[in-house]
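Chemist: One structure, pasted below without further comment.
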Amino acid sequence: EFELHIIYEAQETNVKTIESGKVMVLDPNSSNFFAVVIEGLSEPYLIDGKGLKSLLRKYLKKIADFQSRLANVSKKGFKTHLLEERISKTWLKIKRLLKHYAHTVSNLIVELAVKHGVKKIYVGDAVKNKNKESNLNSIADQIWSLLPHGKVKDYLKYKAKEYGIEVEYISEFYTSGVDSSIDGTVCKENYTPEARIERGLYKTKLLGFLNADINACRNFLKKLGKFDLISGIEKLLRLRIFHKLKSSSAILPY
């Protein structure tokens, strides 16, 4: 196996830098890979992660089967190099899949940011120290560990720079359990996780039911001093990467 890396100097382009001070906030999760809310924009976005999770589950089950067979073959004293090679190739497929997905998602986010005049992107800091090959027994835990949120953040940093957009982490403390519809700080005193009536919904006082990840994004805006009743309150738009929509530009609703 060979991997080719091409390094080249990009030509200068007359890219118009963004002058507004809008921010975009991204809340990382699993089935909803990223929830996306843009300051002042009523339509929120969910970048779907179910297609990626399905493929990862398929590959991890293959690896588990190969490892089980490898242990049996090794006990009997037979050669194991063929099974070891198959395990290695499957991990290589996973690596390529994650890289492709991370590039596709980062392209999509940058395109959304440019379209809506975003000057700064904030990513929930739960994704730090993640994305290593996992030795955990649970496939669900392995999938969460492998989901490339951190890679997306790294790719965003250099892709967004071309447009003068900055990318930073933001603390996720208490954002999942504070009502984003009312004024007040995001802190322990205002933490009401019982309002999250099920995993995907949060019952707010003023806006009714909101997607829980979108509620968390709105709380990011609160932390940034960008509180309002408009951002992210309308019906969410789900963006799928591996199904009908092939490229980032085709995904954007114009």
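Chemist: Using modelled amide H (1.01 Å from N, peptide plane; none on Pro or chain starts), what sits under 5 Å from the amide H of Gly40, excluding residues fewer than 5 places away?
Modeler: Ser231
Chemist: Under a straight-distance cross-link criterion of Cα-Cα below 17 Å, which lysines are reachable from Lys153, leaving out those fewer than 8 residues away in the same chain?
Modeler: Within reach: Lys95, Lys99, Lys119, Lys120, Lys128, Lys130, Lys132, Lys161.
Chemist: Sorted by accessible area (1.4 Å probe), largest first, how do Phe173, Phe2, Phe66 line up?
Modeler: Ranked from most to least accessible, the order is Phe2, Phe173, Phe66.
Chemist: Suppose each label sits 7 Å from its Cα in the direction of the beta carbon; what would the Glu43-Tyr169 distance come out to in nanometres?
Modeler: Each label point is offset 7 Å from its Cα along the Cβ direction, giving 3.2 nm.
Chemist: List every residue whose amide H lies under 5 Å from the amide H of Tyr191, counting only residues 5 or more places away in sequence or on a different chain, with H placed 1.01 Å from N in the peptide plane.
Modeler: Excluding prolines and chain starts, which carry no amide H, there are no hits.
Chemist: Give the ranking of Cys187, Cys217 by solvent-accessible surface, highest area first, calculated with a 1.4 Å probe.
Modeler: Per-residue accessible area, sorted high to low, gives Cys187, Cys217.
Chemist: To the nearest 10 square angstrom, what accessible area does Trp91 show with a 1.4 Å probe?
Modeler: Its heavy atoms expose roughly 40 Å² to the probe.
Chemist: Mind listing the long-range amide H neighbours of Phe209? Cut-off is under 5 Å, sequence gap 5 or more, other chains count too, H placed in the peptide plane at 1.01 Å from N.
Modeler: Thr204
Chemist: Here is a follow-up. Based on the alpha-carbon gyration tensor of the chain and its eigenvalue square roots a ≥ b ≥ c, which shape applies: rounded if a/c is under 1.5, prolate if not and a/b is larger than b/c, or oblate?
Modeler: Details: a/c = 2.51, a/b = 1.49, b/c = 1.69.
It is oblate, given that a/c is not under 1.5 and a/b is not larger than b/c.
Chemist: Report the one residue of Ser145, Val114, Ile94 whose Cα lies farthest in the direction of the positive end of the charge dipole of segment 86-210 (charges on C-beta: Lys and Arg +1, Asp and Glu -1; origin at the Cα centre).
Modeler: In segment 86-210, that residue is Ile94.
Chemist: So how much accessible area does Asp48 have, in Å² to the nearest 10, using a 1.4 Å probe?
Modeler: 10 Å²
Chemist: Taking θ = phi - 60°, what integer Hz values does the Karplus form 6.51 cos²θ - 1.76 cosθ + 1.60 yield along segment 233-239, in sequence order, with x for Gly and Pro?
Modeler: Karplus-based 3J(HN,Hα) across segment 233-239 equals 8, 8, 4, 6, 10, 8, 9 Hz.
The values are calculated or read from the model by the stated rules, or taken from the named source; none is laboratory data. Please read these numbers as outputs of a predicted model, since none were measured by experiment. We place every Cβ from the backbone using ideal geometry, glycine too, and count neighbours over all the protein chains shown. Ligands, DNA and RNA are stripped out before the accessible areas are found, and what is left, the full protein with its side chains, is counted by its heavy atoms. Shrake-Rupley method; radii C 1.70, N 1.55, O 1.52, S 1.80 Å.
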